[in-house]
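The values are calculated or read from the model by the stated rules, or taken from the named source; none is laboratory data. Nothing here was measured: the structure is a model prediction, and the numbers come from that model. Here the Cβ is made from the backbone with ideal geometry for all residues, glycine too, and neighbour counts use every protein chain on show. Only protein heavy atoms, including side chains, enter the accessible area calculation; ligands, DNA and RNA are left aside. Shrake-Rupley method; radii C 1.70, N 1.55, O 1.52, S 1.80 Å.
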Amino acid sequence: QVQVVESGGGLVQPGGSLRLSCAASGSRFIFYVMGWYRQAPGKQRELVATITNGGSTNYADSVKGRFTVSRDNPKNTVYLQMNSLKPEDTAVYYCYAEQLGVGSWGQGTQVTVSS
């Protein structure tokens, strides 16, 4: 059974940085797509950034130039480096890992941007 576990959330001031990590395990198949989504209170879950095992990336317009997604394929781990954080980045961030067309989600990690 696939397990997806995030870490690295917390409280940060506007303009600050945080790095999220996520490890996927429990399968011998490669995770083709890994990435991050977020959900703010009262809003739908939205894409933040994804990366394929070949290194192709996709970002939400709202985070382009501020966030960077990367991954370590042998470790089935994906990272999200978040810089120049804004209060509107406050949300629960969920890791996503997809293989053979099936996606798995982590439990989420809270990111709060506030002074």
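One table, with the values for the structure above:
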quantity	calculated
HN-Hα J in Hz across the stretch 2-14 - Karplus 6.51, -1.76, 1.60, θ = phi - 60°, x for Gly and Pro	6, 10, 10, 10, 9, 7, x, x, x, 9, 9, 7, x
Placed amide H near Thr90: partners under 5 Å, 5+ positions off or other chain	Val113
Bridge type composition, the stretch 8-115 - antiparallel percent by DSSP, nearest 5	90 percent
Cα centre as origin, Lys/Arg/Asp/Glu Cβ charges: the chain dipole, Debye	80 debye
Estimated Rh, the stretch 40-100: Kirkwood, alpha-carbon pairs, angstrom	12.7 Å
Three semi-axes of the equivalent ellipsoid, the chain, Cα gyration tensor, whole Å, largest first	24, 14, 12
The stretch 1-100, accessible surface, carbon-and-sulfur percent (1.4 angstrom probe)	47 percent
Heavy-atom accessible area per residue - the chain, 1.4 Å, Å²	53 Å²
